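Let me begin by presenting the structure, written as structure tokens, before commenting on it.
Just so it is clear, none of the values below were taken in a lab; they were calculated from the coordinates. Predicted model, so just to flag it, every value in this text is computed and none were measured. Ideal geometry is used to build each Cβ from the backbone, glycine not excepted, and the neighbour counts take in all protein chains shown.
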């Protein structure tokens, strides 16, 4: 089961910062998940529409000049990173899930992401683009069919693969509160991967692994890797006895 660090190792470091991303990889996460906004000065990594929670400042992210955003402390002296800076700390053979929070110019967004990837060590095969706005995802895949798409949802739809089919998606990314075993079996049987967010409890990690999900998004990647290692050891022990 693939372990993505949700906004980096966000239990141990400020979310969506280079510190959180580097820590996640030092904890052996398979990949990182992070949120992006298309600011007038480029793609920046941040979760909220406003600055209050993360920067203890007033105002909206997109209404604030980049020169000002660069000065804000979002925890432990960390600054808001750009997409280029974020991709620059992802090691070879690791994954990243780019969740889009704001997008205006799809063509410019695709070109900017491609340019950032060309300067990083990441293979396009290890990039997953997701959003709750499936119109954005459709526009992206029309321009960039090579990129993997994650159909993000917080709902267990009556037809749980309809969006994935419409987007020719790689995966369905579903909320933990909405998923069950039947959902996982249905999505996998129809040829899509299943990722579940946000999974921080060992019991839930074990359950999802038993169901065969492709991966999880977690704030505690170190714990998740330990749980999966313990599970693998237990299976090996049973196999040796048989």
Could you tell me which numbered condition residue 144 fails, if it satisfies all but one of (1) within 23 Å of residue 7 (Cβ to Cβ); (2) buried (at least 18 other Cβ atoms within 10 Å of the Cβ)?
(1)
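Any chance region 63-79 includes a residue that's within 22 Å of the chain's Cα centre (by Cα) and within 17 Å of residue 99 (Cβ to Cβ)?
First, pick out the residues of region 63-79 that are within 22 Å of the chain's Cα centre (by Cα): 74-75, 78-79.
Checking which are within 17 Å of residue 99 (Cβ to Cβ) leaves us with none.
No, region 63-79 contains no residue that is within 22 Å of the chain's Cα centre (by Cα) and within 17 Å of residue 99 (Cβ to Cβ).
Matching residues to (1) within 12 Å of the chain's Cα centre (by Cα); (2) in contact (Cβ under 8 Å) with a residue 24 or more places away in the chain:
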| position | (1), (2) |
| --- | --- |
| 2 | yes, yes |
| 7 | yes, yes |
| 14 | no, yes |
| 21 | yes, yes |
| 25 | no, yes |
| 32 | yes, yes |
| 40 | no, yes |
| 51 | no, no |
Looking at region 204-226, which of its residues are touching a helix residue (DSSP H, G or I) at 6+ places or on another chain (Cβ under 9 Å) and surrounded by fewer than 21 Cβ atoms within 10 Å (Cβ to Cβ)?
206, 207, 209, 210, 211, 212, 214, 222, 223, 226
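Specify the residue that is farthest from residue 32 (Cα to Cα); the eligible residues are those in region 121-135 that are in contact with a helix residue (DSSP H, G or I) (Cβ under 8 Å, 6 or more places away or on another chain) and crowded, with 20+ Cβ neighbours inside 10 Å. So that I can check it myself, show each step before the final result.
Residues of region 121-135 in contact with a helix residue (DSSP H, G or I) (Cβ under 8 Å, 6 or more places away or on another chain): 122, 124, 127, 129-131, 134.
Those still in the list that are crowded, with 20+ Cβ neighbours inside 10 Å too: 122, 127, 129-131.
On the way: 122: 12, 127: 10, 129: 12, 130: 13, 131: 15 Å.
Looking at the filtered set, the residue picked out is 131.
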Out of the residues in region 53-78 that are touching a residue at least 12 places away in the same chain (Cβ under 8 Å) and within 24 Å of residue 131 (Cβ to Cβ), state the one that is surrounded by the fewest Cβ atoms within 10 Å (Cβ to Cβ).
66
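Got a sec? Which of 181, 165 is farther than 29 Å from residue 91 by Cβ and touching a helix residue (DSSP H, G or I) at 6+ places or on another chain (Cβ under 6 Å)? Walk me through it before giving the result.
Values: 165 fails: touching a helix residue (DSSP H, G or I) at 6+ places or on another chain (Cβ under 6 Å).
Matching residue, one of 181, 165: 181.
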What number of residues in region 102-123 are in a helix (DSSP H, G or I) and touching a strand residue (DSSP E or B) at 6+ places or on another chain (Cβ under 8 Å)?
6
Taking region 84-113 as the region of interest, how many residues are farther than 19 Å from residue 31 by Cβ and surrounded by fewer than 16 Cβ atoms within 10 Å (Cβ to Cβ)?
5
